[in-house]
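The values are calculated or read from the model by the stated rules, or taken from the named source; none is laboratory data. Note that the coordinates shown come from a computational prediction; the quantities given were computed from them, not determined experimentally. All Cβ positions, glycine included, derive from the backbone under ideal geometry; neighbour counts span all protein chains shown. These accessible areas exclude ligands, DNA and RNA; they are computed on the full protein's heavy atoms, side chains included. Shrake-Rupley method; radii C 1.70, N 1.55, O 1.52, S 1.80 Å.
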Amino acid sequence: MVRTIALLVGAAFVFVLGISLFGTISTAISDPAPETAEHEFHLHPKDAELSSAGMFGKFDRQQLQRGLKVYQEVCAACHSLRYVSFRDLEQIGYSEGQVKALAQAWPIEQPGVNPDTGEAATRKNVASDRFPSPYANEVAARAANNNALPPDLSLIAKARHDGPNYVASLLTGYQNQPAELLRKFPDAKTPQGLYYNPYFPNLNIAMPPPITSDGQVTYEDGTKSTRDQMAKDVAAFLTWTAEPNLETRHGAGFASVIFLIIFVFLTIGTYRNVWRGVKH
Amino acid sequence: MSFPWANHYEPKQPLMRWLDEKLPLPRLVYNAVGAGYPVPRNLNYFWNFGVLAGLALVVQIVTGIVLAMHYGANSLVAFASVESIMRDVNAGWFLRYAHANGASMFLAVVYIHIARGLYYGSYKAPREMVWLLGVVIFLLMMATAFMGYVLPWGQMSFWGAQVITGFFSAIPLVGEPIRVLLLGGYAPDNAALNRFFSLHYLLPFVIAGVIVLHIWALHIPGSNNPTGVDVKGEQDTVPFHPYYTAKDGVGVAVFFLIFAALVFFSPNLLGHPDNYIEANPLSTPAHIVPEWYFLPFYAILKSFTADFILTGKLWGVLAMFGSILLLFFLPWLDSSPVRSANYRPTYRWFLIVLALDVLVLGYIGGAEATARNVIIGQLATAYYFAHFLIILPIVSRSERPRPLPNSITEAVLAKHGGTSPAQTALAH
């Protein structure tokens, strides 16, 4: 009885799949899916060779500080960093005093209330504050950016495939639309107000090129601020904001893995000892 | 319960004797996973995975309870509270990565455990109840894993909840009310997040309860073994402790080694980047995909593209649930008296094809829906159902199995090239 019902149910599923398969094949022949510009011209990010990549990855503190400067002078005009506090910067080599001074001097103030009147007001940042958002709310952000919303950057390096490399490639990836693309896909011309960037999933990004010329940011450590260098430095900084515990994690990983490899051999030894003389 | 030659618990210390009279808990443990449980001597490493699944559940419950101390089950703060766990809670990043990857380890271990049961016929008489309870545990795990994935309230959490609960709306008439009842609203929101959290905390303890029944039911006939032949006498078994505690120890060590490598060196390998973007009902991700352990079932769902009496969507939903529910009938679909696929030359090949088929379905479930992928998915889905519902009942009748060994001991000695009965005496 069970087997008869099973046979019928199985036959029904296979039959419907047969109809579905026939439909899929006939559609694929009569009406094949058109090729798309995104499919053909999208590029995977280049390897930015960040020191944090791989199992042995560690942050380069100098580079993180340069990246912070790029964020501060370029990105922070539009992008928030809402999960990162000023005090976290002590992890990338700043002293408590430097962090306080940096928070104090940050151009965007922290929203709050006026302690005397209770009205909405702003105040200077302190070390325990999160980085303030450049816009009061989403409507304000969209109004200032041609209806596009600049994403928060705290987690951007984990919120994109191959994030750290993606950030570096995207920032230097702006270019004119290739003639070949326009020849093959005349409808795919980059719309007014967007910018062609092959590293962006749909090729047309709303963000204007943020890094436009060498020397745009002046580095204090004497590193030459080429466009590539600035893109890599800010990618390194955003890798840190997304995963501030990366070095602790790698360190704990090595200790655990070495311990566990020894443990595996010990358990194998125990196993052999216990089973000695017992055929199995 | 168990075999007449099983060791008996005899407490020697006065305190243990006292305890045994009042509450024989040590006796229970001794008989369940101690020297009082005789186990076939020929189990291979695939028999580690039951213990590993139990261990993975313990890891999930321990990390989960601590995470719940820091997590805010409210759609306004959920995402930020997870970030605060990652940044501000001491070792919070470790707890969260261990819990997220622990779910993957748990499901991976359970899939191997199920595959072991399929290959060696552990679902057959007299162990049908063990198998049925196992399928119940698997269903509970899937529900728990799905609801857990919603809790961080990222984009994939939100849209996954939207898609999965949307399955119910394919049911005619009552579908939409059921969906609204499940979500507590018309779309996933705070009500859904709250109830998912409540159930995500509850279900692991239900799973633990069903595991107790699963082990209880197992201990009545005793463990199956790679030959599938029944235990005939004392020479066929060894006490669980120390023999299999030692063997499971190796499995546990390797389990933790792989687990540690994942957690510490690529904790986001099995996750989706979009879940680091906070849930946004107004922005649909380009590709909504479930976690890797649901991909084969997702591929089955997507394969039904044609309407026939019912809508294609409803066929897909029925097939997706059916693909798991049919496992409940497996003990009666397979009429072959031979348990182990090692002695079933035809069925063995179909089973190996099934394993590859499920891997193909997993790949298709996560791949783009191009014509080529849809065709492969439809063929693979057809094989999945044909295997269990058509091929298995027929093959199990027509196949001529290879000769079985007379006993476990005979099989063991044949493997070692010896036949002398004197060698069967155990050294313990």
Any idea how far apart B:Ala414 and A:Val2 come out in nm if each label point goes 7 Å out from Cα toward Cβ? 2.9
In terms of the Cα gyration tensor, with a ≥ b ≥ c the square roots of its eigenvalues, is the stretch A:99-147 rounded because a/c is under 1.5, prolate because a/b exceeds b/c, or oblate? oblate
Pairwise FRET efficiency - B:Ser398 versus B:Glu10, Cβ, R0 = 56 Å, nearest 0.05: 0.60
Pick from B:Ile65, B:Ile408, B:Ile309 the residue whose mean-square fluctuation is largest in a GNM of chain B, springs joining Cα atoms under 10 Å. B:Ile309
Once B:His70 and B:Asp307 are pulled to full extension, the length gained, defined as 0.36 nm per residue separation minus their Cα-Cα distance, is 80.6 nm
Model label zone, B:Ile220; criterion: amide N under 19 Å from point 7 Å along Cα-to-beta-carbon; scope the stretch B:106-134: B:122-134
Accessible surface, per residue, of chain B when the full set of protein chains is kept, probe 1.4 Å, Å²: 44
Give me the distance in nm between label points sitting 7 Å out from Cα along the Cα-to-Cβ direction at A:Ala33 and A:Phe259, one decimal. 4.7
Round to a whole angstrom and tell me the spacing of the C-alpha centers of the stretch A:152-213 and the stretch A:112-145. 30
Ballpark to the nearest 100 Å², how much total accessible area do B and A bury together, probe 1.4 Å? 5400
For the stretch B:108-131 and the stretch A:48-75, distance of Cα centres in Å: 50
The pairs in B:Lys22/B:Lys247; A:Lys46/B:Lys302; A:Lys279/B:Lys232; A:Lys124/A:Lys158; A:Lys46/A:Lys224 lying past 23 Å Cα-Cα in this model are B:Lys22/B:Lys247; A:Lys46/B:Lys302; A:Lys124/A:Lys158
FRET efficiency (A:Asp116, B:Phe205; Cβ distance; R0 56 Å; to 0.05) is 0.60
Reduced to Cα centres, the span from the stretch B:1-46 to the stretch B:55-97 in Å works out to 37
Averaged over residues of A:19-28, the number of beta carbons from other chains lying within 10 Å of each residue's Cβ is 6
I'd like to verify something in chain A: which complete DSSP H helices, judged by Cα projection on the helix axis, reach 20 Å or more and average at least 1.6 on the Kyte-Doolittle scale? A:2-30
Residues of the stretch B:325-349 buried by at least 30 Å² on assembly (accessible area, 1.4 Å probe, chain alone as reference): B:Trp332, B:Leu333
Would you tell me the mean number of C-beta atoms belonging to other protein chains that fall within 10 Å of each C-beta in B:352-364, as a whole number? 0
Could you order the peptides A:166-177, A:104-115, A:25-36 from most to least packed, using the average number of other C-beta atoms within 10 Å per residue? A:166-177, A:104-115, A:25-36
Mean other chain Cβ within 10 Å across B:262-270 is 4
Relative contact order, percent, of the stretch A:101-257 when contacts are C-alpha pairs under 8 Å separated by at least 6 residues? 18
Global form of the protein assembly as shown, assessed from the alpha-carbon gyration tensor, a/c cut-off 1.5: prolate
Using 7 Å Cα-to-Cβ label points, what is the B:Thr346/B:Asn44 separation (nm, one decimal)? 2.4
Report in % the part of the accessible area of the protein assembly as shown that belongs to carbon and sulfur, leaving out ligands and nucleic acids; probe 1.4 Å. 65
Among rounded, prolate and oblate, which fits the stretch B:35-421 when a ≥ b ≥ c are the square roots of the eigenvalues of its C-alpha gyration tensor, a/c under 1.5 means rounded, and a/b larger than b/c means prolate? oblate
Multiply the residue gap between A:Lys184 and A:Ile25 by 0.36 nm, knock off their C-alpha separation, and tell me the result in nm, one decimal place. 54.6 nm
So which helices of chain B fit the span-like rule, where a helix is a whole DSSP H run, its Cα atoms reach 15 Å or more along the axis, and its mean Kyte-Doolittle is at least -1.0? B:49-70, B:92-119, B:128-150, B:155-166, B:190-219, B:245-265, B:312-325, B:345-366, B:371-386
Percent RCO, i.e. relative contact order, over chain A, from Cα pairs under 8 Å lying at least 6 residues apart: 24
Run the numbers on the stretch B:35-421 and let me know its relative contact order in percent, using alpha-carbon pairs under 8 Å that are six or more apart. 24
Stretch gain in nm, segment B:Leu359-B:Phe3, where the contour uses 0.36 nm per residue and the Cα spacing is subtracted: 124.2 nm
